[in-house]
Every structure is written in structure tokens, then in C-alpha cells.
Amino acid sequence: MKRLLCTLLCAATVAPVLAQVPDAPVLPGAAAPAQPAPSAPGVTSFLPGPASTPKPDGSFLGKDLPMLNPGNEILSWDGKNWNINNQRLFLSRFEKYLNAPEETDEINTKYQTLLRTILTRLAPENDSRTATLDAWRLLPQASNYTVDAHLSDALADAVYSAWLAMRAQDRLFAANQELENQRKQFEWAAQHSGDSVVFHSSTKSKSDKAEKEKDKADQALAPYVQRLAEVNARLLANTTKREISAIQAKIEFQSLIMQFFLQRRFQHVLIATRFYRHLFNDGESTMGKTTQDGKGTQKNSDKDKGMPELYMKETGMPLTVGVVDSMANEAIRDVREGVDAYQFLLSKGELESATKRLGESFLVGEYLPEIRTLPRDQKRQALEFTQKGNRLISAIGVRDYTQAEQLVADLEKMAHDFDSSQPNAAIKTAKTVSAMHLAKAKNAAVSGDRTTLENELRAATETWPSNPALSEVSGMIFSHADVQQKAIADLEQLLAQRNYRQIFDDKMRFIAAVALYPDRQEQLKKVIESMTQIETAIGRSTELAKMGNPAGAWEGLERAYAQFPDDTKLNQLRANYTSEAADFVRCIRTAQQLEAKGQTGSSLAWYLKAQKQYPPSDYASDGVRRLVKKILPQAQ
């Protein structure tokens, strides 16, 4: 039951944010793995699990059922695996909760007391009309509290609607009784009118007078027959209305119960299920839509999908109101145990396990009082551990192993159960690999092997960019071989010539050369960033051209050209795509020229023509929007 409950809750909670999982960092000095890199121990709650190729969804929950493994907190869904704690939306909500004060003030205490009073009034031992009415009258009072979010109002409205439906059924029942009496009267009248026909036919046959009497009898019988048919039709219509009204009232109330469950408002689930038993005491408690077949038998609709079907597939039994009630109670019990476990682990200094248990409990019962009343001081300890864990992941991801080593030491002091073996292994491996590359670079400098020297310096920089020894080794190498001065001279010459592409192509040599010159480092950094933007634009436009979209390729390069007009490769490709998308380019340039001359109408026409040729065009859409605002300023 616990595993099924976790599966249903995670399917409802994690589904909207599965696409927000960040990529796992690749370990330094190694090629990108086929599967995401393993996470650092101690912070595995914040790293994604492996994901396989997605499958097309074929139903409400895809082709596969979501299944949660409580042991490793991995949710398997439609061929993919996700760590339920590694969701940006979950992490943001969890961090907001950890910073929030505990809800132990007088207002929240009164609210919880009111909910417990409502549950007590609705208990089975208080099964009476008066107790139900008293509980219903307390719902608007509960809705006055902010934490309730007017859910009690929705429940009160649903109960009132059910009462109105039952009153309508009672009125229809009374109407049917009256119609039944009328039907008996009309049957009696019709029967005696028929006896009169038989009497006249037997005593005055073969005479004109007898025929006339028979016609009169038939005419007297016709109104009774017609009225009898009308009464029977009205009886059937009223019976159908009663049955439909009962079904609709149940469906609406069951939908509200499932809404509360998916919102994890388990206290309202318990209140709603108890109201359901007081309102509908006919024994029909199966969840889901119901219809009627030709024989008046209720059956499940073929279109009914979602949690009832999921529960049926998982257990082979229908989802009933009692099952939902028991699952809500199980969720409340599980959250209480999770909070107790968190406080116990916290007292033992096992902060990593404690944070995981609190995250699991928060995911299931975010709105339960056990979660909301947890002291802020205790929650802040989990917050500090979570933040340092996330910083450790970021430091390893950007290969800042100096900071990562310090964070590992801090986490070991904070949490006695923090396993630092894997992050320490990643840090030591990266440092060793970087030292090996630097040693090879030294040997290459002594032997005059420039190619090997550059390759090894590049590998050392990529493995550990902030390695303090990188600058020292670079200085030693260039002091012996004068390579540094030569590289700096080349860099200054290329900067004067504005030959940024040559600098970019030989960037690793210049990075090592300017390691001791902060001012030149800043110049080189700007050049590399600018060239990276140019290369990104070129790569994107090349892919668009391969897809048969020269207009999009030209537009991407045109924007890059406006920012970097001196790059030769960019200009050459721009000229090529200008000829390939000549019509589109002509429309855009004509529109821009006319706009500059103030010919708004003609310019708008050319922009619209360009947009027709290439609908996703930013130039065309921006021009149209600009001119429309100019023509119709009041439409803004």
C-alpha cells in the first residue's frame, strides 16, 4: 500500500516538472559518458538519475505505469528514471518551506482544532442528521483561515449541492406517487369505458343506432387512453431524472475527493469521505464516472482514465471511497514517521539522512500539521546542508576543485553520515590528471615540441582551469624557451590587426602565454567570448541551411554581422546565404529602406511579404509590430 501510495502521489506531483532536470556534470579529464555521470555521495538527492530514450505517450500516464522505488527515491516512468528530489520546482518549494516559520501560532492552532472537531462530528459513532449538519456549518469557519485556501468552502458547496440533489429526488418521488395514483384512475376509467362499448355492441348490433353508440363510446375512451400514455411517459421521465441526479451528485463529490487527494490535502480527504458516507448511504462507493446501460445498470465509462484505472491495474481491485480514505490515513501516518525520523537523525548529527527523510515527508504531506509545525531552527539545519550540497555539485561541475575540497570538508563536519568518498575521488583524480599534463608540458618545452606542449597545456587547462600550478608551470616553460614572449608579441600584433579569428584558432597558446598578465587576460577573454558568439551563430545558421532554410540561416548571420562586421568567415557565409535567400533578403532590405524614409505603408507591405516567405522571421515580425504601433498607437 505504501509503495502504491508513493507512486500515485509522485505521478501527480512530479509530472509537471520532469523536463526541468539539469544535466549531470561530466567528470573532468574524461570523455562524456553514454549515461549521466554518477552523483557525488551525500548529495545524491540533488543529482538526476539515468534517463533512457523517451517513448510517445499513449494514455494519461504514457505507455508505462509510474513506479517509485522507495529505497533509492527513483521514479520509473515511461521508460525513464528520475530522482524525485532532483526537480527544480520541488527544490524551490522545499527551500521556501525550510525558510518559513513554524505554524504554531494561535490562528493555525485554532484551524487545526476546528478540523479535528469536524472529523469528530462526522465519526461513525456520531451518525446522525444533526451531527452532519453541525459539521457542515463549521466548514465556512475553517475556510476563513488563509491556510485553508477556501477548500472548505468548496467542500461545503459540494455537500449543499448533494442535499439539493436529494431534495430534488424526493420531490420527483412524491410526483411519481401522485402520477401512479392518476395512472390507476385512468386505467379504471378506460376499463369501464371499454365495458360500455361491449355492452352496446351486444344488445344493439346490426342497427345504425348501435353503431352510433359505439362511436360515442370510442370517443369517450380516447381521452383516457391518451392521458394514460402521458402519465406513463411522465413516470418514466421522472424515474430517469432521479437516477441521473443521483449519479451526477456522486460523480461531482468523488471528483472533489480525488482533487483533494492529488493536492495532498489529506485532512480534507478524510472530511470529504466521511461526508460522502453520510450523504450517500446506498453502498455505492466505487470511484470514477458511471453511466447507465439500456437496462438501467450502472457501469464504468470506457473513457474513465487516471487514478482509478491506475489503481485497478496495480491491485486488480476497484478504487473506492474507503480505499482513498485509507490511503490518506496512510499518507498522514507516513509523514508523522518521517518527521519523527528527521528529528531523531538530527539529534544524532546524521544530517544527510535527516534531510532526505524530511524531503520525502514534505513531498507527500506538504500541508499536514506535522510538516507545518516543525521549528524553523531545525529546518534551517537541513537548508544549510542542502545549500552546501548544491554548491558542491556546482563546484565539481565547473571543475573548481579548490572550492569543492573545502565544501567536502565543511559537509563532513556538518553531517556525520556524509559519504565523501566519491567527491574526494573525483577531486583527487582531476588534480592528478592535471599534474600529469603539466609534467608532460614541461618535458615538451625542454625538447622544443611545440605541438605536444600546446596539447598538454590545453588538456591541463580543461581538466582543472583554476589550478594554481598552471600559471607557475606556464611561467617556467616560457622563461626557458621564450615561447611566452613570442606568443604575447603575436597576440598584440593580431589584436592591432583586429584578426580575432586567428586569435581564437590559437587560443590555447595565448591562454598559457597571458597567465601572468591580468590585463591581457581580460583582452583575450573578450576576444574568445566574441568569437564564441560568432561560431555559435555560424553553426546554427549552417544547420538551418542544411535543413533547407536559407532565409533563417541568413537572418541568424545578419544579426551576428551587426555586432561583428569584421569577421571574414562570417562575411563570406553571409554573402553565400544572401544569394540563396535573395527574395527574402530583398524584401527585408526594401522594407528597412522604406521605413527609414518614413514610407510606413509600403514598408509594412514589404515586411508582410517577407513574413509570408519566412513566417518565423524576427526581422519581419519586429518590423510589422513596430509599424503597427506607429500606425495605430491607440491599439497598444
(request) Of the conditions (1) assigned to a helix (DSSP H, G or I); (2) more than 19 Å from PHE90 (Cα to Cα); (3) not hydroxyl-bearing (Ser, Thr, Tyr), GLY349 clears all except one; give me its number. (result) (1)
(request) List every residue pair whose Cβ atoms sit under 6 Å apart, with the two residues 6 or more apart in sequence or on different chains, where the first one lies in the range 385-404 and is within 14 Å of GLU95 (Cα to Cα) and the second, anywhere, is buried (at least 17 other Cβ atoms within 10 Å of the Cβ) and modelled with pLDDT under 85. (result) GLY389/VAL43; GLY389/PHE46; ASN390/PHE46
(message) Tell me whether the range 596-603 contains one or more residues that are in contact with a helix residue (DSSP H, G or I) (Cβ under 6 Å, 6 or more places away or on another chain), in a helix (DSSP H, G or I) and surrounded by 17 or more Cβ atoms within 10 Å (Cβ to Cβ).
(response) yes
(message) Among the numbered criteria (1) crowded, with 21+ Cβ neighbours inside 10 Å; (2) in the same structural domain as ARG509 (by TED's automatic domain parsing), which one does ALA404 miss?
(response) (2)
(request) Could you tell me whether the range 578-594 includes any residue that is part of a helix (DSSP H, G or I) and within 25 Å of GLN497 (Cβ to Cβ)? (result) no
(message) Can you pull out every residue in the range 488-526 that is closer than 30 Å to ALA581 by Cβ and either more than 45 Å from the chain's Cα centre (by Cα) or buried (at least 16 other Cβ atoms within 10 Å of the Cβ) (or both)?
(response) ARG498, ASN499, TYR500, ARG501, GLN502, PHE504
(message) Quick check on this structure: which one of THR452, THR429, THR463 is in contact with a Lys or Arg (Cβ under 8 Å, 6 or more places away or on another chain), over 30 Å from PHE266 (Cβ atoms), surrounded by fewer than 17 Cβ atoms within 10 Å (Cβ to Cβ) and assigned by TED's automatic domain parsing to the domain that holds LYS486?
(response) THR452
(request) Would you be able to tell me the number of residues in the range 374-399 that are over 27 Å from the mean Cα position of the chain (by Cα) and farther than 20 Å from GLU350 by Cβ? (result) 5
(message) I want to confirm something. Restricting to the range 92-131 and keeping residues that are free of Cβ contacts under 8 Å to residues at least 60 places away in the same chain and within 27 Å of the chain's Cα centre (by Cα), which single residue is surrounded by the fewest Cβ atoms within 10 Å (Cβ to Cβ)?
(response) LYS96
(message) Given (1) more than 23 Å from PHE266 (Cβ to Cβ); (2) at pLDDT 90 or above, identify the lone condition not met by LEU114.
(response) (1)
(message) Going by what's in this entry, would ARG376 be described as buried (at least 17 other Cβ atoms within 10 Å of the Cβ), of a type outside the set (Gly, Ala, Ser) and in contact (Cβ under 8 Å) with a residue 60 or more places away in the chain?
(response) no
(request) Kindly provide the set of residues from the range 536-563 that are surrounded by fewer than 16 Cβ atoms within 10 Å (Cβ to Cβ) and on the phi < 0 side of the Ramachandran plot, ordered by number. (result) THR536, GLY539, ARG540, THR542, GLU543, LYS546, MET547, ARG559, ALA562, GLN563
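The values are calculated or read from the model by the stated rules, or taken from the named source; none is laboratory data. Note that the structure is predicted; figures quoted are calculated from it, not measured. Note that each Cβ is placed from the backbone with ideal geometry, even for glycine, and that neighbours are counted across all protein chains shown.
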